[in-house]
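I have placed the structure first, in the form of structure tokens, so that the comments after it can refer back to it.
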Amino acid sequence: MSTILKNIKFTIIPHKLQFRFEAGTSRGILKEKTTYFLRVFESEFPEIIGWGEAAPLARLSVDDRLDFKSWMSTFCSQLSGIDLMKSEDKILEWVSEAIPDKFPSMRFAFETALLDLLYGGKKKIFENSFYNDSVPIPINGLIWMGNKDFMLDQIDKKLQEGYSCIKMKIGAIDFDQECALLEYMRSRYSSDEIILRVDANGAFDPESAIYKLERLASYDLHSIEQPIKKGHIREMANLCRSSPLPIALDEELIGVNGIENKRELLETIQPQYIILKPTLVGGIISSREWIEIAESMKISWWMTSALESNIGLNAIAQFTSTFPVTMPQGLGTGQLYHNNIDSPLAIEKGYIYYKKEMDWKELT
């Protein structure tokens, strides 16, 4: 058996995902998003295909740029024809050299497509219990921004579906109304029964943030993600020191490359948590670097998808499963779209499963 992947070809397929509802964030309303599937195969065996996904987020990703498709097509053309060792380490090392870190979502697509090809084009990215043994991963139920009634409907549905961890996006409606929603959840479930997280997406201004954090802490929340916009390093460090509510860095990690820069950021801010979105922070190797640094500093972390289709979500879930996670992860976004890719991914009672008896929709 060959130890080399020979004469590898790369092509891309753009796909426009349509949201089931108007998904509100502090950066605006999302109705659709364009993603790019990466198709990888050896020229001698074109029927064995590895799939990856580059899914830059508008107004957030480093590689959210008008010429993204052109750049990805150029890389596919220039890199086609290469040979690679059949080795996870060699593949990841090659991608880190071939795809610049200014294209984090593209780097993740190349990493995962080639790993899929390595394992025979079966949507298997890693040796992991999630794929091999259908061991589920606990996830949070996500409450999107909107008017109070819309958010309340989502809350009731997630609670009925059996989630033990609820994450609510805040910062779009009146803060008092958001607090009323948290009060509603806490009036029904204690912190022993339901974990509550909130995500501000940088919506608070530095001057009023501590007041809002103190008020939010009264609802016995697990944590708040990114209370103020990224880049306010001193203010964020002060908040992490003084907040009665644990703070998780999210957007703050985007665009920070290199081990020393990552270490300096975490040493300066000293958050309680970091949140890793491989699409946004540069893929597998980069995410592993963040985890290694964070754990050395006793900073906890969890993984989150970033509105990818089920192709990207599957890769992130399998990557997550390579770690001994017990904390609920942010891997529930596969249900957002009318036209997602049918897959074996299934969500039941706050867990995501890979059910091998279910089939993937064939991509062309």
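The values are calculated or read from the model by the stated rules, or taken from the named source; none is laboratory data. A quick note: this is a predicted structure, and the numbers were derived from the prediction, not measured. Cβ coordinates were reconstructed from backbone atoms using ideal geometry, including for glycine residues, and neighbour counts include every protein chain displayed.
Some values worked out for this structure:
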{"quantity": "Subset of the stretch 310-353 [at pLDDT 95 or above, of a type in the set (S, T, Y) and not in a helix (DSSP H, G or I)]", "calculated": "S321, T322, S343, Y351, Y353"}
{"quantity": "Among residues of the stretch 313-331, those that are crowded, with 23+ Cβ neighbours inside 10 Å and either of a type in the set (G, A, S) or farther than 20 Å from I143 by Cα (or both), counted", "calculated": "9"}
{"quantity": "Residue in the stretch 111-133 that is among the polar types (S, T, N, Q) and more than 23 Å from the chain's Cα centre (by Cα) present", "calculated": "no"}
{"quantity": "Residue check for E53: touching an Asp or Glu at 6+ places or on another chain (Cβ under 6 Å), among the charged types (D, E, K, R) and under 22 Å from L363 (Cα atoms)", "calculated": "yes"}
{"quantity": "Among residues of the stretch 181-223, those that are farther than 12 Å from G171 by Cα and assigned to a strand (DSSP E or B), counted", "calculated": "4"}
{"quantity": "Top-ranked residue in the stretch 168-180 [being of a type in the set (G, A, S) and not in a helix (DSSP H, G or I); ranked as modelled with the lowest pLDDT]", "calculated": "A172"}
{"quantity": "Some residue of the stretch 116-137 being touching a residue at least 12 places away in the same chain (Cβ under 8 Å) and touching a Cys at 6+ places or on another chain (Cβ under 6 Å)", "calculated": "no"}
{"quantity": "Conditions (1) under 20 Å from K158 (Cβ atoms); (2) without any contact (Cβ under 8 Å) to a residue 12 or more places away in the chain; number of the one not met by Q329", "calculated": "(2)"}
{"quantity": "Residue within the stretch 85-100 that is touching a strand residue (DSSP E or B) at 6+ places or on another chain (Cβ under 8 Å) and closer than 26 Å to T333 by Cα present", "calculated": "no"}
{"quantity": "Residue among K148, K102, K123, K169 that alone is surrounded by fewer than 19 Cβ atoms within 10 Å (Cβ to Cβ), among the basic types (K, R) and within 26 Å of E53 (Cα to Cα)", "calculated": "K102"}
{"quantity": "In the stretch 55-90, residue nearest to L5 (Cα to Cα) [restricted to those that are hydrophobic (A, V, I, L, M, F, W, C) and either in a loop (DSSP other than H, G, I, E, B) or free of Cβ contacts under 8 Å to residues at least 40 places away in the same chain (or both)]", "calculated": "W71"}
{"quantity": "Neighbours by Cβ (under 8 Å, 6+ apart or cross-chain): first from the stretch 161-178, under 19 Å from K349 (Cβ atoms); second surrounded by fewer than 21 Cβ atoms within 10 Å (Cβ to Cβ) and of a type in the set (D, E)", "calculated": "G162/E348; S164/E193"}
{"quantity": "Flag if W290 is without any contact (Cβ under 8 Å) to a residue 40 or more places away in the chain, touching a strand residue (DSSP E or B) at 6+ places or on another chain (Cβ under 9 Å) and either part of a loop (DSSP other than H, G, I, E, B) or within 22 Å of S164 (Cα to Cα) (or both)", "calculated": "no"}
{"quantity": "Subset of the stretch 352-363 [in contact (Cβ under 8 Å) with a residue 12 or more places away in the chain and surrounded by fewer than 19 Cβ atoms within 10 Å (Cβ to Cβ)]", "calculated": "Y353, K355, K356, E357, M358, D359, W360, K361, L363"}
{"quantity": "Among (1) in contact (Cβ under 8 Å) with a residue 24 or more places away in the chain; (2) closer than 20 Å to P278 by Cβ - the single one T34 does not satisfy", "calculated": "(1)"}
{"quantity": "One residue from L336, L307 being aliphatic (A, V, I, L, M) and on the phi > 0 side of the Ramachandran plot", "calculated": "L307"}
{"quantity": "Only listed residue being within 23 Å of the chain's Cα centre (by Cα), aliphatic (A, V, I, L, M) and farther than 21 Å from N238 by Cβ, chosen from I194, I173", "calculated": "I194"}
{"quantity": "Flag for D133 being out of contact with any Pro (no Cβ under 8 Å at 6 or more places or on another chain) and under 19 Å from A54 (Cα atoms)", "calculated": "no"}
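Listed here are the residues, each with its yes/no results for (1) over 24 Å from K169 (Cα atoms); (2) crowded, with 21+ Cβ neighbours inside 10 Å; (3) of a type in the set (A, V, I, L, M).
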position	(1), (2), (3)
Q270	no, no, no
I274	no, yes, yes
M297	yes, no, yes
S300	no, no, no
S309	no, yes, no
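For every residue, the table says whether it meets (1) modelled with pLDDT under 95; (2) more than 23 Å from I224 (Cβ to Cβ); (3) not in a helix (DSSP H, G or I).
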| site | (1), (2), (3) |
| --- | --- |
| M106 | no, yes, no |
| A109 | no, yes, no |
| K123 | no, yes, yes |
| D156 | yes, no, no |
| L159 | yes, no, no |
| G162 | yes, yes, yes |
| I166 | yes, no, yes |
